[in-house]
Each structure stands twice: as C-alpha cells, then as structure tokens.
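Quick note: the coordinates plus some simple rules give every number you see, no bench work behind them. Just so you know, these numbers come straight off a predicted model, no measurement behind them. In this analysis, Cβ positions are derived from the backbone assuming ideal geometry, glycine residues included, and neighbour counts consider all displayed protein chains.
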Amino acid sequence: MTRDMTLSQAAFGTDGLLRKALMFLGGAAFIAIAAQISVPMLPVPMTLQMLAILLVGFAYGSKLGASTVMTYLAAGLSGLPVFTPTTALGAAAFAGPTAGFLIGFVAVAYAAGWAAERGLAKGFVGTAVAAVIASALVYIPGVIWPMAVASSFGIEGGWVGIGWDKIWAWFMGPFLIGDTVKAMIAALIVSGAWKMLRKA
C-alpha cells in the first residue's frame, strides 16, 4: 500500500521543521497530561495515557508519532513527573516492573501511525481494529521484561522472573478491558476528526 495523508498533514499541511518541533513538544505534553488523568473503572482505574499515545500515532504518522513518544519518555527519564502517578520518577521508572510497557509505547504509536499512513485508520471500524492491534503490542515488551529480561540486568524484586499466572494477574488481565475501551474512544475521535475535515 502507498503512503496516505495523516490527520496532522490533512489539517495543517506539509510539516516544516518548526511545526514538527512544536508537534513533538505538544504531543509529549498531551501524553504527560493524559497520564495524570485517572478514570474509575473495574477491575482497576484507567488512565488516559494509552489513549493519548494512540491519538498521537494516528494523527502524526509512524515516525513522528514514535519520535514524540520517545520525547515523552526522555522527559520522564530526566525526572519530570510525566508518567502515571504510580510510576517511579527518573531512571527508576526504567528499572521497575512497568519498564517494558514504557518501551512498548513507542511501538504502539508507530503501529497506529503506520496504519494511518496507509489509509487504514479513517473510518471507525478500520481505526478501531488498528487501535486494538497497536495497543496489544505494548504487552510484548511489557510481559517479556518481568518474565525474563529484568533479571539479566541484575534487577531484583518480587515481580522479577514470575510465572505466567502472575503475569496475567498483575500485568495483563486487569488492563485489557481499559485498553479496549481506549481503543474504541480513539477510533471515535479519529474517525470523527476525518469526517469534520471532509466537511470543512
């Protein structure tokens, strides 16, 4: 498939250097703010961090979306309180139990952007499918990190080297419903934005 226009390109035209810089900073700030918003939900409260990452990916495209998430991660690594309130600050966040998920956010944004660039994320159904698949990618490094990788870095803790039952109970099961809801919300927002642009 050929490359298609993303939401940001359709809305604002060709990206110049200054515009890209502003998008980097604005997108990273958007994700940081969303990470602080918690919505009551069962079985665990849901933050809007993943929703913001999906929206950045769909709007910016693969490379710019992934780079924006890396800018966000760099801000967290520097010690700025941009991650969810339960995540450690600074470098400690990248040695804790959720470090794999932080890295996985880059893949989520890239995948959402890749779908957008190929015209797969304009209508609700296509965007919803792309959002669910992109969201699922976060679980690959998110699960591999506590199961196998953290111990190779000499990291110790009750969450290191645990079995599949605890991985499911602690790292996957409680979050699947929330991630699905956020994927549907992202699809509604993105498809709605495309409809508005077509009418403009």
Cα→Cβ-extended label distance, 7 Å offset, between residue 29 and residue 125, nm
3.9 nm
Could you work out how far the C-alpha centroid of region 143-200 sits from that of region 19-39, in angstrom?
18 Å
Span-like helix ranges in the chain, DSSP H, alpha carbon extent 20 angstrom or more, Kyte mean at least -1.0:
17-35, 62-77, 99-117, 173-199
With Rg from the Cα atoms and Rh as the Kirkwood inverse mean 1/r over Cα pairs, region 1-116 has an Rg/Rh of 1.00
Rel. contact order, % - alpha carbon contacts under 8 angstrom, at least six apart, the chain
24 percent
Taking N as its residue count, the alpha carbon Rg of region 7-199 over 2.2 N^0.38 Å:
1.02
Structure-based [θ]222 nm, the chain - -39500 (n - 2.57) summed over DSSP H runs of at least 4, per residue, nearest 500
-19000 deg cm²/dmol
Calculated FRET value between residue 5 and residue 156, using beta carbons and R₀ = 41 Å, to 0.05:
0.25
Just how far, in whole angstrom, is region 43-62 from region 72-112 if you go by their alpha carbon centroids?
13 Å
